[in-house]
Amino acid sequence: MYTSEPVQYTSKASINTTNRILVVEDEELIRETIALALEGEGYVAMAVADGRAALECLANSESNSGENTFDLVVLDLMLPQINGLDICRLLRYQGNPIPILILSAKGSETDRVLGLEVGADDYLTKPFSMRELVARCRALLRRQRLSVTPEPILEYKDITMYPQECRVLVRGEEVNLSPKEFRLLELFMSYTRRVWSREQLLDRVWGPDFVGDSKTVDVHIRWLREKLEQDPSRPEYIVTIRGFGYRFG
Ligand code: CA
């Protein structure tokens, strides 16, 4: 029996002063034990029992930035509705940088690697001690605090991108890009000279749930070239690598 209603474990002393942690775990006993252990350390813990409820909590938290946002997610892998790996993947695809600590009954190297590959920050195998869990959470929160630095400006030849402002200058002039074009260019500029297949670009820019074919990528590349290149028929920035895909630079 699980509930999709989030349960907040409040301890008066900790409100306003500490980090908020979302615990996503379908096993009631583990969920409550974790939440209480975190509360005992002075954190504010919110607990939900399935993947959908977790995503709802995080979406709400994103939209009222400042108050009620979460600073960390403790995420079980095997969950009803949407599993932990998919949640991770989705959050990262949406650009949500929240630290994620994965919990799993599985302990194989493959699961660990997979968890980290889809964007989790740390991984704990069941059974674990609450001391260990709290220590990992504390370490992730500390790391998060240290890494809050402004996003860098991306520059390549005549193109300058300000990711946080969603602005791009080409030869000193501002150009209007659609959100997909922007994401595509941001990815390219973050990894200059890397060759991307159409499937990789679809996965990274459109997301794993996109239904459609790789022609979509070609169409967006053509639009992007028209906005960036001096001569779109002889591109200097976005180069076609025959048989493989595209490369920036
Ligand atoms: Ca589970």
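At a glance:
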| read-out | value |
| --- | --- |
| Qualifying residue in the range 158-170 (condition: open to solvent by 30 Å² or more (accessible area, probe 1.4 Å), touching a residue at least 60 places away in the same chain (Cβ under 8 Å) and assigned to a loop (DSSP other than H, G, I, E, B)) | no |
| Within the range 64-120, considering residues that are of a type in the set (D, E) and out of contact with any Gly (no Cβ under 9 Å at 6 or more places or on another chain), the one modelled with the lowest pLDDT | E67 |
| Boolean, G249 is out of contact with any Leu (no Cβ under 9 Å at 6 or more places or on another chain) and surrounded by 12 or more Cβ atoms within 10 Å (Cβ to Cβ) | yes |
| Qualifying residue in the range 116-135 (condition: away from the ligand (no atom under 16 Å from the Cβ), at positive phi and polar (S, T, N, Q)) | no |
| Per-region count, the range 24-47, residues within 16 Å of the ligand (Cβ to nearest atom) and over 16 Å from D86 (Cα atoms) | 10 |
| Residue count, the range 171-201 (criterion: over 15 Å from H220 (Cβ atoms), free of Cβ contacts under 8 Å to residues at least 12 places away in the same chain and within 21 Å of the chain's Cα centre (by Cα)) | 0 |
| Which listed residue is under 30 Å from A105 (Cβ atoms) and open to solvent by less than 30 Å² (accessible area, probe 1.4 Å), from L133, L224 | L133 |
| Matching residues in the range 171-199 - criterion: being open to solvent by less than 70 Å² (accessible area, probe 1.4 Å) and among the acidic types (D, E) | E181, E186 |
| Top-ranked residue of the range 83-95 - restricted to ones that are more than 11 Å from the ligand (Cβ to nearest atom) and open to solvent by 40 Å² or more (accessible area, probe 1.4 Å), ranked as farthest from the chain's Cα centre (by Cα) | D86 |
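So that you can scan it fast, the table gives a plain yes or no per residue for (1) open to solvent by 60 Å² or more (accessible area, probe 1.4 Å); (2) free of Cβ contacts under 8 Å to residues at least 24 places away in the same chain; (3) of a type in the set (D, E); (4) touching a Leu at 6+ places or on another chain (Cβ under 7 Å):
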{"site": "P80", "(1), (2), (3), (4)": "no, no, no, no"}
{"site": "P97", "(1), (2), (3), (4)": "yes, yes, no, no"}
{"site": "A105", "(1), (2), (3), (4)": "yes, no, no, no"}
{"site": "L114", "(1), (2), (3), (4)": "yes, no, no, yes"}
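Here's the yes/no breakdown for (1) part of a loop (DSSP other than H, G, I, E, B); (2) at pLDDT 95 or above:
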residue: Y2; (1), (2): yes, no
residue: E5; (1), (2): yes, no
residue: T17; (1), (2): yes, no
residue: I21; (1), (2): no, yes
residue: D26; (1), (2): yes, yes
residue: T33; (1), (2): no, yes
residue: L36; (1), (2): no, yes
residue: R52; (1), (2): no, no
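The values are calculated or read from the model by the stated rules, or taken from the named source; none is laboratory data. Computed from a predicted model, the values in this text were never measured in an experiment. Because the Cβ atoms are built from the backbone with ideal geometry, glycine has one as well, and the counts that use them run over all protein chains shown. Heads up: the accessible areas ignore ligands, DNA and RNA and are worked out on the full protein's heavy atoms, side chains in. Shrake-Rupley method; radii C 1.70, N 1.55, O 1.52, S 1.80 Å.
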